Amino acid sequence: MPCKVLVLAEHEGGAVAGITYELLGMAHRVAGEMGWAPAEIKALLIGSGIAGAAAEIAARGAAEVIVAEGPAVQGYTGDAWHRVVEAVAKSESPEMVLFGHTPNGWDVAPLVAAGLGVPLATECSAIARESGAFRFSRKAFNGKFVQVIDLGTARPLLATMQKGAAPAFSAATRGRVRPVPAGVGEADLRARFVEIKKGQAGAVDLTQAAIIVSGGRGLGGADKFAVIRDLAQALGGQVGASRPVTDMGWLPHEHQVGSSGVTVSPKLYIACGISGAIQHIVGMRGSGYIVAINKDAEAPIFGVADVGVVGDLFEIVPALTKAVKEAKG
Ligand SMILES: Cc1cc2nc3c(=O)[nH]c(=O)nc-3n(C[C@H](O)[C@H](O)[C@H](O)COP(=O)(O)OP(=O)(O)OC[C@H]3O[C@@H](n4cnc5c(N)ncnc54)[C@H](O)[C@@H]3O)c2cc1C
């Protein structure tokens with residue numbers, strides 16, 4: 001069967017990453033609009049010890065899972081993976097190849113684009129069809145502008161998609177799994193996968209938190225985070241952060257929420273001094289109830305908030321902490 005959309009599947013040690021199903025959700029949406037058959041949606045899975053992952057992806061969205069295994073690709077390196085993606089893209093001739101805008105996806109996609117000699121749209125949040133052409137949209141300037149990208153007539157169209165750009169594909173499918181040679185040997189590579197180091201045991205795991213109080217650059221410094229910790233503690237929640245906070249070392253990286261941090265879905269998310277850049281929003285918009293506190297009434301975070309408070313967080317957050325403590329008796 002020909003291939004119209006090829007999705008680069010991702011996994012962590014053989015466990016399928018959620019972005020894979022979001023990409024398949026996007027692939028099915030695009031295929032539906034184009035009148036392409038679901039049988040023309042394929043996934044490429046690279047690694048080792050991935051038979052279980054391949055079967056799962058075939059049962060949830062991919063008509064065919066092309067599996068490339070081998071010693072040279074057992075751990076991620078852009079050097080090895082881009083060669084596999086390029087070879088499969090050449091043999092399958094898809095209209096479109098979708099990557100997650102994840103650390104691996106945004107690393108490998110430009111290498112694939114360079115190798116195939118085609119353009120690439122990165123960090124996209126939508127794909128639309130206009131005047132007979134595909135348009136890839138990405139947010140710019142903290143979501144104040146949307147850039148619309150036309151990749152022209154070169155094929156395949158390549159794009160990295162933001163987490164949350166499409167709902168995860170959830171229907172049952174009966175795809176097949178097709179092993180192919182990885183086609184790359186260890187001697188070919190200039191980069192070598194060494195190991196993945198796990199974070200320290202006991203480190204915060206925001207993905208499991210029911211309540212998260214997050215602070216952003218608006219806090220102004222590491223020493224100011226006491227105000228956030230106090231509210232999180234009073235509510236029995238965890239402390240989250242935007243990227244500048246972890247980049248500046250105010251908090252460790254495991255506190256970072258967003259496209260290059262963790263995706264969270266607590267019952268309650270309180271964003272304090274966070275502007276609401278798309279990279280932050282994609283990581284928290286699945287929260288049950290969102291409260292935003294920001295002194296700028298125009299801050300984009302208010303666009304996703306259930307309750308927005310315009311004001312100084314250093315006045316509002318302590319007052320909230322006090323009220324929570326009093327209410328708890
Ligand atoms: C590839 C890539 C990946 C990224 N990944 C992530 C990610 O995973 N997570 C993430 O968060 N970002 C990420 N970013 C960064 C993102 O684009 C934004 O720069 C970042 O989210 C902004 O953080 P912020 O809202 O804390 O800071 P700012 O945008 O500087 O906003 C600070 C806010 O605080 C408010 N404020 C200031 N003082 C007060 C006060 N006293 N009371 C109330 N409000 C106040 C201001 O009005 C402002 O809205 C990424 C960017 C790129 C390019």
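The values are calculated or read from the model by the stated rules, or taken from the named source; none is laboratory data. All values reported here derive from a predicted model rather than from experimental measurement. Here the Cβ positions follow ideal geometry from the backbone for every residue, glycine too, while neighbour counts run over all protein chains shown. In case anyone asks, the SASA skips ligands and DNA or RNA and just uses the protein heavy atoms, side chains included. Shrake-Rupley method; radii C 1.70, N 1.55, O 1.52, S 1.80 Å.
Pairs needed: first member in the stretch 7-26, on the phi < 0 side of the Ramachandran plot; second member anywhere, acidic (Asp, Glu); C-beta distance under 6 Å; at least 6 residues apart or different chains.
Matching pairs, first to second residue: Val16/Glu56; Ala17/Glu10; Ile19/Glu10; Thr20/Glu10.
Hey, among the residues in the stretch 247-268 that are more than 10 Å from the ligand (Cβ to nearest atom) and within 14 Å of Gly164 (Cβ to Cβ), which one's surrounded by the most Cβ atoms within 10 Å (Cβ to Cβ)?
It comes out as Val264.
Restricting attention to the stretch 190-245, which residues are outside any loop (DSSP other than H, G, I, E, B), open to solvent by 10 Å² or more (accessible area, probe 1.4 Å), more than 17 Å from Ile281 (Cα to Cα) and not small (Gly, Ala, Ser)?
Gln208, Asp223, Lys224, Val227, Arg229, Asp230, Gln233, Leu235, Gln238
Which ones in the stretch 304-329 are within 12 Å of the ligand (Cβ to nearest atom) and either crowded, with 22+ Cβ neighbours inside 10 Å or within 25 Å of the chain's Cα centre (by Cα) (or both)?
Leu313, Val317
Which of the numbered conditions does Gly183 fail, given that it passes all the others? Conditions: (1) on the phi > 0 side of the Ramachandran plot; (2) open to solvent by less than 40 Å² (accessible area, probe 1.4 Å).
(2)
Tell me, which strands (runs of 3 or more DSSP E) lie completely within the stretch 78-139 with 1 or more residues that are farther than 24 Å from Ile66 by Cα and open to solvent by less than 50 Å² (accessible area, probe 1.4 Å)?
On the way: elements: 96-100, 120-124, 126-130.
Counting at least 1 such residues, we get 120-124, 126-130.
Which condition from (1) among the β-branched types (Val, Ile, Thr); (2) touching a Phe, Trp or Tyr at 6+ places or on another chain (Cβ under 6 Å); (3) outside the structural domain of His82 (by TED's automatic domain parsing) is the one that Ile149 breaks?
(3)
Answer with yes or no whether Ile278 is among the hydrophobic types (A, V, I, L, M, F, W, C) and modelled with pLDDT under 95.
Details: among the hydrophobic types (A, V, I, L, M, F, W, C): yes; modelled with pLDDT under 95: yes.
So Ile278 fits the description; yes.
So that you can scan it fast, the table gives a plain yes or no per residue for (1) within 16 Å of the ligand (Cβ to nearest atom); (2) touching a helix residue (DSSP H, G or I) at 6+ places or on another chain (Cβ under 8 Å); (3) not assigned by TED's automatic domain parsing to the domain that holds Pro156:
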site: Phe99; (1), (2), (3): yes, yes, no
site: Trp106; (1), (2), (3): yes, no, no
site: Ala109; (1), (2), (3): yes, no, no
site: Gly117; (1), (2), (3): no, no, no
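Does Ala172 fit the bill of being in a loop (DSSP other than H, G, I, E, B) and crowded, with 17+ Cβ neighbours inside 10 Å? It would help to see each step written out before you state the result.
Numbers: in a loop (DSSP other than H, G, I, E, B): yes; crowded, with 17+ Cβ neighbours inside 10 Å: no.
Spelling it out, it is not the case that Ala172 is in a loop (DSSP other than H, G, I, E, B) and crowded, with 17+ Cβ neighbours inside 10 Å.
Among the residues of the stretch 253-280, which ones are part of a loop (DSSP other than H, G, I, E, B) and either among the hydrophobic types (A, V, I, L, M, F, W, C) or more than 16 Å from Ile19 (Cα to Cα) (or both)? First the steps, then the outcome.
To start, the set of residues in the stretch 253-280 that are part of a loop (DSSP other than H, G, I, E, B) comprises 258-261, 263-267, 273-277.
Within the stretch 253-280, Val264, Pro266, Lys267, Gly273, Ile274, Ser275, Gly276, Ala277 qualify.
For the stretch 281-321, enumerate the residues that are in contact with a Phe, Trp or Tyr (Cβ under 6 Å, 6 or more places away or on another chain) and either under 19 Å from Phe145 (Cα atoms) or not in a strand (DSSP E or B) (or both).
Initial filter on the stretch 281-321 (in contact with a Phe, Trp or Tyr (Cβ under 6 Å, 6 or more places away or on another chain)): 284, 287, 290, 292, 306, 308.
Those that are in contact with a Phe, Trp or Tyr (Cβ under 6 Å, 6 or more places away or on another chain) and either under 19 Å from Phe145 (Cα atoms) or not in a strand (DSSP E or B) (or both): Met284, Ser287, Asp306.
Restricting attention to the stretch 131-153, and to residues there that are of a type in the set (D, E, K, R) and within 16 Å of the ligand (Cβ to nearest atom), which single residue is farthest from Val30 (Cα to Cα)? Give the steps one after another, and end with the answer.
Applying the first criterion (of a type in the set (D, E, K, R)) to the stretch 131-153 yields 135, 138-139, 144, 150.
Those still in the list that are within 16 Å of the ligand (Cβ to nearest atom) too: 138-139, 144.
Details: Arg138: 17, Lys139: 20, Lys144: 26 Å.
Checked the stretch 131-153; the qualifying residue farthest from Val30 (Cα to Cα) is Lys144.
Which one of these does Arg285 not meet: (1) near the ligand (Cβ under 8 Å from one of its atoms); (2) open to solvent by 40 Å² or more (accessible area, probe 1.4 Å); (3) touching a residue at least 60 places away in the same chain (Cβ under 8 Å)?
The one condition Arg285 does not meet is (1).
Please go through (1) farther than 30 Å from Glu130 by Cα; (2) out of contact with any Pro (no Cβ under 7 Å at 6 or more places or on another chain) for Leu157 and return the number of the only condition it doesn't satisfy.
(1)
Is there any pair with a first residue in the stretch 231-245 that is under 13 Å from Gly218 (Cβ atoms) and a second that is open to solvent by 10 Å² or more (accessible area, probe 1.4 Å) and of a type in the set (Phe, Trp, Tyr) whose Cβ atoms are under 9 Å apart and which are 6 or more apart or on different chains, and what are they?
Ala241/Trp250; Pro244/Trp250
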